[in-house]
Structures are given as structure tokens and as C-alpha cells.
Amino acid sequence: MLDAILQMDCLALAEAIRTRQVSSLEATSACLEAIDKYNQKIGAFLTVFQQQALDQARDVDRRIQAGDKVGPLAGVPIAVKDNICTTFGPTTCGSKILANFRSPCNATVVERLMRADAIIIGKTNMDEFAMGSTTENSAFGPTHNPWDLGRVAGGSSGGSAAAVAARMCFGALGSDTGGSIRQPAAFCGVVGLKPTYGRVSRFGLVAYGSSLDQIGPLARSVRDCALLLNVIGGHDPKDSTSVPPEIVPDEDLLARLDQPIDGLRIGLVKGATEGADLPIRQAIGRAVDTYRAMGAEVVELEIPALDYSVATYYIIATAEASSNLARYDGVHYGYRSPAARDCMEVYTRSRAEGLGKEVKRRIMLGTYALSSGYYDAYYLKALKVRNLIRQQIFAALGQCDSILMPVAPTTAFSLGQMAADPLKMYLADVYTIPANLAGIPAISIPVGLDGAGLPVGVQLLGPAFSEGRLLRIARILEKGAHWTCQVPAGLTV
Amino acid sequence: MKVQVVVGLEIHVQLSTQTKLFCGCPVRFAAPPNSLVCPVCLGLPGALPVLNKKAVDYAILAAMALNCQIASFTKWDRKGYYYPDLPKNYQISQYDLPLGKAGFIEVQGDDGGIKQVRIRRVHLEEDAGKNLHAGGAYSCVDLNRAGTPLLEIVTEPDITSAAQARALAVELQRIVRYLGVSEADMQKGHMRFEPNVNLRIETDGQAFRTPIVEIKNLNSFRALEASIRYEADRQVQEFLESGQVMTSGNKTTRGWDDVRQVTVLQRQKEEAEDYRYFPDPDLVPVVINTSWLDQIKALLPELPLRRQIRFVQQYGLSEYDAGVLTSDRSCADLFDKAVEAGGRPKRVCNLLTQVGLRVANERGCSVGDLGLSPVNLATLASMIEEGKVNATSGVRILEQMIATGQDPMTLARSMDLLQIADSSRLESIIDQVLSMQQKAVQEACSEGKKAQKAFNFLVGQVMQATKGQANPTVIAEMIRKRLGGA
Amino acid sequence: MDNLIDKALVRKVASLARLELSEQEVKEFTGQLCAILEYFHKINLLDTEGIEPLAHCLPITNRLREDQIQPGLDPGQALKNAPDRDGDLFKVPPILEEGLGP
Ligand SMILES: [Mg+2]
Ligand SMILES: [Zn+2]
């Protein structure tokens, strides 16, 4: 029975709980058991709300038994990335500087999960302040890939991706500034959706690059992503960058998910896959075949400015980060160096001791890019190139319904492999960054395993606020790939 | 050697909104420490700013009153600097697209005429909290003030004396109070000044500019004037000693020591100021369209200085009276309306300045809050004018009008203050007095020195007998007729 | 091309960012930032004549709220995470740079 429960996706589990075939207590206990069994090795969770989760599960079961109306995620255990504020447990962002930080408020997405009666089972590991693509930059140890514990889970939402893959929860929230949902989803063999910028409230998301950050779901199926986005999306007056209903209509993303699309056109960017490993290129080829087989047209696109996206992204993201992270200074909250003798030393030493290397590197880069004498050649120029990239992507999306691309040039690599060369690491974000720069939605879908038995994902990008359509296009691929929801080989559940 | 002081002012004015610029915390003075805070103004991780519309309305109104061009598109920028009272370590401000620019303020010049001082820019920004120092051992931070909306106003260096700088500051205070956008209470730090001061020196046919000194954080008109005066003198001395002139890099910052009445050089920052301004990605731009502008424009009153001048020219009031009346907008409004309702300007002015402002002051409110109707005020003025009540009674009636809200005629009757206009009744009172005061009558009729004194005594006696309800001029005339037999 | 950043500039940037760096870190960062900045610099090869800087992808303006008081935190909650406090005030070692705010 437990095995059967853990094979379900959120939607199936929610239905089973609502119809009392399965209790939330059983599902929650099964996840807690998996966490108990594997979290030591995988390092997916930083905090587990064991007692609270069990209490909530019992409460949901009781309410269902009493015939009360419950939310769409009633009784489903969901994990939340540790840069999303909760009033319960710490919100560390994977950083020593916030190791003991307790937020006085819940993020809007957390409020919405709770209103949907989801069970928030724990907070997941991440690269410190979401800066990284491996979850090795966590002050609390790395997350290991459930498919191969010697490999990275990807990042920065590596904990969320690994937790979903390892059946420690049924779905999770991550955040995506330059690929931080999609890349770990691909590395761990789950579905990851970065929504359109402004679709999901950022209130309560600890900022990294505010003009790029977006919260999104990681789950075992495309339909779960639709369900989770239904729950967490929508206008929030507490976030000025949250888009009002006039622009993004409240729509049920699940409603038309399985409807076929007539005259579907899939775009391929010329030369884009050249830098990707063979298994990735083959996966793209199979995806193209799947779409062709159902009658879709494949169009070739040119987006020349894409070559500049990594540089553009890293200038803008680090510039914003240097400002967003200025507040971690040991004065009002967070770590304070015991060695500080005056206020200036509180700043410089608390930051020196409390922040990790990658974070410092990005703060340095961003500070440089914004400082007088360098501003025009870096930050200002990057804003212009961002506009150019966005214009070209919009033009390309005018010629097709969705752009098909790799998520990452490789499958999950070994822990420690990329640590020595930060630039090389940055360059691996080449496929995920454009969606953030353009503010458009993008989804990563697992389509199979490579020769080493590691998951391979592909990515679909769509126009702003086209999640409904994008999910339908992704669903076609998911069905065609006959792969989704597989359990990592090494794990027995 | 000819020395001319040149001053540009940077002024921060606290807006009188209910809540802070980017969060719903109340703006209040002297609350217990850290009791007016929330995740946004504490700069907690995950908190996001949301703009207060009222603050923008107020800022537009103030910028309009300062004759600025209002930006049709503006945005928010982060100004980065580390300071414990600035919890995010950046201030949300406006950098390259200020809400208002290229305006001017009119001030009364030293010669009494109007002088225009150009306004370079007007923008909105959030205030910092407060650092408190516990005798050097450690410092403390109260963030109640953090996030309070401030209007920053920067003038061009058009000010040419310390007195003029003060006059401008006072005029600005009167304007923002007039507009209702700030209480501009100096005691509460609602207005803070930072003058940039240097000198233009002409000697031996050559012109020099001394290095610019910025004097930080002055919060009284007196300190503003005194510090500029001091700085001008100091710079003359310095120039004579060192001959140093202004260059692009030699601006210094000085503080004002209010006890010693001197400016003090502040420790120089290690690196040049580098605020790393960039657009705040947490906020979206503000587009100010014509309908928004029109809404605000409709609220723009006649400015106090213009009104003051009009009161002098149109109604023949003294400069002083016009200044007093226009110091309080509701008082000037009431004056205008009462005059419109038929009150004689001088009379209305006297009533308002002698009674209205005094009572308002006692009650700690504005004249507008006294509940006086312009029509009643005009009626009272006319009653005095027509001799129905005398001026002293007028004061008492006005006090009762404020206390009871009744109209002046009703009050005059019930207080028995109407002057005796019935001459037969007056005649008989005068008869009585004259028959009882034979000695005084004789003296008044004599040619001696005592005649005038005796005459005045008789008038006084009649006044007393009427309980002050007669017009002394009328009485004097009647007595004169009786005594002179003419 | 000259190095885009040297040790002195790394130190200056670190001081702007209020980061204390060890000599080892200065050395390491100088090398790494040099390579990264050189890569970043390539965007200047791209012609962006006539293209506006884009700070935001959003099609929205004027997100405004009414001037109404909202419940905040009490001092206890506000200081819950404070590393040090003096009553209801945040406490810090002495500020030696007083008056150097903007
Ligand atoms: Mg300012
Ligand atoms: Zn607040």
C-alpha cells in the first residue's frame, strides 16, 4: 500500500484522500518514513515539521470524514524551499548568516498552500541565497542526487528536486532566478515550472535577483505543476510586481490540460544544442519526433543575442543581489561576528564569516558592476542587452507556440567537479537564463535516462502568461515519453 | 575685496501621511522604540515595498506649488550605503527621474520685493531610523522613523545671504503647511536643512570661488542662518590664509556645533561616495497622467506669499497684518470669505488677528477649526462699523460666537451690548449726569486748563451710566452741543 | 586588454560591499573576477543603439496602496531575531562613522 501511495502524483493522492481511499496520515507518514530513511544520505531537507505535519494530516482526515469542504491539495505533503518564509521553523536560505532566522510572516505562497489544505512537511536545502547550480553552496552540506549519491542534485532548488524524486514529498516549491527550478528538476528526473515573472507573488521569497526571481513548482507530473500553480499563482497586493487579474486572467490550468492543440508549431533555435552532450541532443531529437508524430510543425528560429545571455544575466542578477544582500550585516537580525569591536566590524566581519564563497563572489561582481566608472559598461549595458534578448525571444515566439531547448548541457555531474571554475559553472546556465531575462514561463520535463542511468530533461518556453498552453504542450511530451514519475533506481520505497 | 556668499539648499520635509512610504506602519512621533515597525520597514528577508498613493499625491502637490515640471514617468531607485539606522542598507529614493524639476520658489527679498530661487529637483524618498548613542560604549537603533515619507527639495545656488536662506526655509514651511502636506514641525524634525555654502570673491580684478562646504543636518531656522553666517566668515579667513579655490574634488562636509556656534569638519569618508544607484526591481514605475495631475492641480491654493501681497494691495492691510493672516491658511480663507460676505477688510482682519488667532492658539488648533462662519464674521464686522456695538464689545461677542456658535446679533442682544442708538434715551441719561456733576460742568465750560479733562470726565460718566453701550463719539458730540448751547 | 580588476580594486569593491577579505581571498577573487569580468565585458561588442535599458519585464505601472494603517509587529516580534538588544532597541557596538551618512 505504501508503495502504491508513493507512486501517486499530487493530483491522484489528493483525489484518493478526498474519496477516503487513502488517509493524509498514511501519505504523510510514508513521506516522513522516506525522509527518515534517506535524508541523511541525500540532504534534501534542512527542517522537517514532523509533528506539525502529522497533526495537520489528522486534522484534514477528520475534516474529510466530517464531510467538510477541503482545498485542492487537502492532505498532500508538500515541501518548501528554505528561501521561502514560514512562521514555523527557521528560514535559512542555506546560509550561516540566517541559520537562526525566524520569520514573523509566511510567504504568500505558503499562505496559499495552507489555504489549499496542503501539509507543509519541511524546508528544503538549497545553494546559499539561491546562488548556484549544484546545491553544494549550502552552509548545511550539499544535496545528493537520489539517482546517484555521488552526483549533484542540481540547484539551487536541489533539495526540492531531490525530495520530490526521492518520494519524501509529493511536490515542492522552488525558486528560479536563472534556472534554479528547471535544472535540478532535470537532474533529478522531475517536472519543474518557472512561471511568468509576476504570476506568483514574491512576498516572502528571500530575494536574490528581484527582477528575475520567480517561485514555481517541482512535481512528478505536468498536471501537478498545473495544480500547484493554480494554488500559488494569482495577484497579491503585497508584491508590487505581482500582476493584476486584468493582465493574467484567473484560469484553471488543469481544466484544458489534455485538450489537443491544432496546428502546433515547435521552435528550435538554430545551433542552440551544439554545446550540449550527446544524450541531451538525442533527447531533444526524440522530443521533436514526438511532436512531429502528432502532426506538429517544427520551425527553425534564430535568436542571435542569446549568445550574450549568460553575461547579461550574471551582471543583472549579481548587481541586484549585491543590493538585496546588503541587509545581512549582523545589526538587526542574523549572524553577528563575536569578534566585532565597532559597528563597521559588525558589518565586515559578520558578512565575512556568515556568507559563503559563491555569495561573496557574486556580491563582489554585482558591487563592481554598479560602482561608478563601471556602471555604464556593465549594468546599464546589460539592461539594454536584456531588452534586445527579450525582443528577439518575443519575435521568435511569434513564429511558434513554444521553443524547445535543453535544460542544461549535461546530466547531473559529480559533486565537487565544478567547484574550481566559477565561470564554467555560470556558462552551464546558458539554456535556462533566457526565460528569466525575458520574464517568460518555461518548463523542464524529464524524458528518459542517459547511458549512466541519470535523468535527462528537456525544456519548453512559451510567451508571457501562456502557462495554460505551455502546460498542454508539455503534457503531450510527457505522454509521449512514457517516463515520468519513475523512482530512482537506488531507492526502494 | 568683494565677497558674495553663495548658498544652495537641500531640504528634507516629512510628509504628513498616516502611514509610511512603502508599508502600512503609522507615522507618529515619540512612540515607544520599535513599536511602529513591520517586516517591510525592518528590512526583513522576503518583505516587499508597496507605494503609498497619498505620499505621491502630496509630493506632486508640493512640486506643483514649487512651480516644478512634474514627471509624466518616474521610478524608484536604490541608493546604497551602510548605516545601522538604514535596515536594508539601501534607501529607496529617486535618482535620475525626480518627480519634479526645474521649478522655483518665491521669497520676500531683503528689499521687500519678490525674489525667485530656482528649484533644481523635488523627489520622494524614505527616511532612515534613528541611531542613539549610549556614551560611546555602544549604539542603539530605533526604526520607528524608518520608511517615513520625505520630500527632498534641492535649490539651485541662488541664495545670496544667510538671512535669505532662512527666509526661504520659513517660506517653504508656510507653503507645505498651506498645502497640508506636512506639519513642518521643527521640534519634531519635520524639516531638515543641508546648505551648500561657498563664496564668490573679487579682488584685484580677479574672481575666485572658495571650496564648497556642505553643512549637514540642521534642524532649526536659527541654526541654518547662524551656520551659513559662520561658514561665510570662516571661508573668508581660510581664503585669505590658504588662497584655496573650488575644484571638482575638494568639497567638504561640516557639522554644526550648536553649543559653540561653529561648524566642525567631519571625518572624511575613506572612499569617495559611491551610492551605486540602480532601479529598484521591487517597485514598478509611476506614470502620472493628465487626469491625475488635474486632480491634484484642483487642490493647489493661492500660495501664502502671493496672498499676502494681494491682501496688502487689494485691501490695504499692513504688511504685518497680511503676514499674520496668511500664516494660517484657514485664517486667510476665512478672511477672504468674510470680506466677500461684506465685512470691511480692516475690521475682519482685526477680529481675526486679535481674537481668532489668539483663541486658536490657546486651543492649539487652527482658526478654521473654531467653527466661525464667514457670514457671521462679516455681520459682526459691520455691526462694529455701523456703531451698533463698540470694538470692545465686538471682542466679547466674537469670543462668545466661538464658544456658542450663535450669531452676533443674537449674542449682542442677550449680552446687552447693543449701543444705545435711541437719542432720547441718551439725552435723558446725559441730563441726569450733567445735573449731578455741576462742578465738572463748570470746569468744562471754563477757558482753563482743566476744561478738556473735565469734558472727558463727563463723557466717561455717561459711558459708565450706559454700561458702555453708547458710542463715545456720539456722546461727546451731544455733550458738546449741550454745553456750548450751540 | 588590461586586467579589468586588480587586487587594489578588489579591496575597494570589498570595502564598498562591507566584506572583510583575507589576503588569500583577495588573491583568489582577483584571478576569478578577472576572468569573469572579461567574459562579461563581451556584451559591449553588441550594438544596442536605440535600445532602451530594460529594468523590468512587467507590463505594469502604478501599483499603489491607500494610506491606511496596517497592523505591524510589536517590539517583541521586531527584536526577536536581534543579535543584541538594549530594552526594545537594537544594540550595536559603537558607530565610529557618525555623521557620515549621506
Ligand atoms: Mg535625501
Ligand atoms: Zn512598516
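Quick look at the values:
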item	result
Filter pass, B:M1 being over 24 Å from the mean Cα position of the chain (by Cα), closer than 30 Å to B:I228 by Cβ, away from ligand 1 (no atom under 16 Å from the Cβ) and more than 10 Å from every other protein chain (Cβ to nearest Cβ)	yes
Test: residue in the range A:42-65 that is of a type in the set (G, A, S), away from every other protein chain (no Cβ under 14 Å) and under 30 Å from A:P338 (Cβ atoms)	yes
Listing of strands (runs of 3 or more DSSP E) fully contained in the range A:155-237 that carry 1 or more residues being touching a residue at least 40 places away in the same chain (Cβ under 8 Å) and of a type in the set (D, E)	A:171-176
Answer residue from the range A:148-166, given it is out of contact with any helix residue (DSSP H, G or I) (no Cβ under 6 Å at 6 or more places or on another chain) and among the small types (G, A, S) and is most open to solvent (accessible area, probe 1.4 Å) among those	A:G150
Helices (runs of 4 or more DSSP H) lying entirely in the range B:390-486 (those with 2 or more residues that are farther than 26 Å from B:G356 by Cβ)	B:423-436, B:438-445, B:451-465, B:472-484
Residues of the range B:224-256 classified as more than 19 Å from B:A163 (Cα to Cα) and either touching a strand residue (DSSP E or B) at 6+ places or on another chain (Cβ under 8 Å) or part of a loop (DSSP other than H, G, I, E, B) (or both), total	14
Among (1) closer than 30 Å to C:P83 by Cα; (2) away from ligand 2 (no atom under 16 Å from the Cβ); (3) assigned to a strand (DSSP E or B), the one test that B:P84 misses	(3)
Matching entry among B:G342, B:G368, B:G364 (being open to solvent by 20 Å² or more (accessible area, probe 1.4 Å) and more than 21 Å from B:D185 (Cβ to Cβ))	B:G342
The range C:67-88, residues that are within 23 Å of A:M344 (Cα to Cα) and either open to solvent by 30 Å² or more (accessible area, probe 1.4 Å) or more than 7 Å from chain B (Cβ to nearest Cβ) (or both)	C:K80, C:N81, C:A82, C:P83, C:D84, C:R85, C:D86, C:G87, C:D88
Selected residue (criterion: farthest from ligand 2 (Cβ to nearest atom)) from residues of the range B:128-146 that are buried (at least 24 other Cβ atoms within 10 Å of the Cβ) and more than 7 Å from chain C (Cβ to nearest Cβ)	B:G129
Hey, A:L268 surrounded by 15 or more Cβ atoms within 10 Å (Cβ to Cβ), at pLDDT 90 or above and of a type outside the set (S, T, Y) or not	yes
Unmet requirement for B:S72, which otherwise passes all of (1) away from ligand 1 (no atom under 16 Å from the Cβ); (2) buried (at least 22 other Cβ atoms within 10 Å of the Cβ)	(2)
Residue identified as within 30 Å of A:K41 (Cβ to Cβ), facing chain C (nearest Cβ under 10 Å) and part of a helix (DSSP H, G or I) among A:Y426, A:Y378	A:Y426
Scan of the range B:451-486 for residues that are open to solvent by 60 Å² or more (accessible area, probe 1.4 Å) and aliphatic (A, V, I, L, M), ordered by number	B:V474, B:A486
Residue that is nearest to the other protein chains (Cβ to nearest Cβ), among those in the range B:4-25 that are away from ligand 2 (no atom under 16 Å from the Cβ) and under 17 Å from B:Y178 (Cβ atoms)	B:S16
Hits in the range B:47-69 - residues which are more than 7 Å from chain C (Cβ to nearest Cβ), in contact with a strand residue (DSSP E or B) (Cβ under 8 Å, 6 or more places away or on another chain) and not aliphatic (A, V, I, L, M)	B:P49, B:Y58, B:N67, B:C68, B:Q69
Matching entry among A:Q399, A:Q391, A:Q417 (being farther than 22 Å from A:R223 by Cβ, out of contact with any His (no Cβ under 9 Å at 6 or more places or on another chain) and at pLDDT below 95)	A:Q417
Top-ranked residue in the range B:86-105 [being within 30 Å of the chain's Cα centre (by Cα) and within 14 Å of ligand 1 (Cβ to nearest atom); ranked as nearest to the other protein chains (Cβ to nearest Cβ)]	B:Q91
Complete set of residues in the range A:129-147 that are under 21 Å from A:F88 (Cα atoms) and open to solvent by 10 Å² or more (accessible area, probe 1.4 Å)	A:S138, A:A139, A:F140
Cβ pairs under 8 Å, 6+ apart, first in the range B:130-159 and within 18 Å of C:L96 (Cα to Cα), second small (G, A, S) and assigned to a strand (DSSP E or B)	B:N131/B:S139; B:L132/B:S139; B:H133/B:S139; B:C140/B:A134
Conditions (1) away from ligand 1 (no atom under 15 Å from the Cβ); (2) within 30 Å of A:A340 (Cα to Cα); number of the one not met by B:G147	(1)
Filtered residue count, the range B:291-309, keeping only those that are part of a helix (DSSP H, G or I) and among the acidic types (D, E)	1
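Table: residues versus (1) modelled with pLDDT under 95; (2) within 16 Å of ligand 1 (Cβ to nearest atom); (3) open to solvent by 30 Å² or more (accessible area, probe 1.4 Å); (4) not assigned by TED's automatic domain parsing to the domain that holds B:T148.
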site	(1), (2), (3), (4)
B:F29	yes, no, yes, no
B:P33	no, no, yes, no
B:L36	no, no, no, no
B:G43	no, no, no, no
B:A47	no, no, no, no
B:A55	no, yes, no, no
B:A62	no, yes, no, no
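The values are calculated or read from the model by the stated rules, or taken from the named source; none is laboratory data. Everything numeric in this text was worked out from a predicted model, so none of it was measured. Note that we place each Cβ from the backbone using ideal geometry, even for glycine, and neighbour counts take in every protein chain shown. With ligands, DNA and RNA removed, areas are computed over all heavy atoms of the protein, side chains included. Shrake-Rupley method; radii C 1.70, N 1.55, O 1.52, S 1.80 Å.
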